[in-house]
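J.: First the structure, which I've put down as structure tokens, then a few questions once you've had a look.
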């Protein structure tokens, strides 16, 4: 009889996504992806299928800080992020309004 790994061996995960066809992301305001990260230290796998460069940010409304610039790609990009647990995760466009494509992040806790 085989046994499953213990809970301590399972990597915690969180997933966030935004469809630009239903939520336009512009250059002026940050758009919330998640109101509270579950982890202090994370590995992000990001897929930006839009044709725009995007900024990923952390922080409360009005105090967001850019943590990464994400190129238009359509393929997975790996980023390690140090963050405070429960921080708000958000995104905004670098140059143009983004109204097509999907932006997804698989977040793996450390």
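The values are calculated or read from the model by the stated rules, or taken from the named source; none is laboratory data. Remember, predicted model here, so these are calculated numbers, not experimental data. In this analysis, Cβ positions are derived from the backbone assuming ideal geometry, glycine residues included, and neighbour counts consider all displayed protein chains.
J.: Return the pairs, sorted by first residue and then second, in which the second residue is surrounded by fewer than 18 Cβ atoms within 10 Å (Cβ to Cβ) and outside any strand (DSSP E or B), the first residue lies in segment 81-108 and is in contact (Cβ under 8 Å) with a residue 40 or more places away in the chain and at positive phi, the beta carbons are less than 6 Å apart, and the residues are 6+ apart or on different chains.
T.: Correct list of pairs: 86/36; 101/49.
J.: Just for strands (runs of 3 or more DSSP E) wholly inside segment 43-93: which have at least 2 residues that are closer than 22 Å to residue 19 by Cβ and touching a helix residue (DSSP H, G or I) at 6+ places or on another chain (Cβ under 6 Å)?
T.: On the way: elements: 54-58, 65-70, 76-82, 89-93.
Hits in segment 43-93: none.
J.: State yes or no: is residue 48 surrounded by fewer than 17 Cβ atoms within 10 Å (Cβ to Cβ) and within 18 Å of residue 79 (Cα to Cα)? Write out each step before concluding.
T.: Values: surrounded by fewer than 17 Cβ atoms within 10 Å (Cβ to Cβ): no; within 18 Å of residue 79 (Cα to Cα): yes.
Answer is no for this residue.
J.: Look at segment 10-42 and say how many of its residues are within 18 Å of residue 67 (Cβ to Cβ) and either out of contact with any strand residue (DSSP E or B) (no Cβ under 9 Å at 6 or more places or on another chain) or part of a loop (DSSP other than H, G, I, E, B) (or both).
T.: 9
J.: Please go through segment 25-48 and pick out each residue that is over 13 Å from the mean Cα position of the chain (by Cα) and modelled with pLDDT of 90 or more.
T.: 25, 26, 27, 28, 29
J.: Further, regarding this structure: Within segment 51-71, take every residue that is more than 14 Å from the chain's Cα centre (by Cα) and surrounded by fewer than 17 Cβ atoms within 10 Å (Cβ to Cβ) and give me the one that is farthest from residue 110 (Cα to Cα). Don't jump to the end; show me each part of the working.
T.: Let us first name the residues in segment 51-71 that are more than 14 Å from the chain's Cα centre (by Cα), namely 51-52, 60-63.
Checking the rest, the ones that are also surrounded by fewer than 17 Cβ atoms within 10 Å (Cβ to Cβ) come to 51, 60-63.
Details: 51: 31, 60: 22, 61: 25, 62: 28, 63: 25 Å.
Top of the filtered list is 51.
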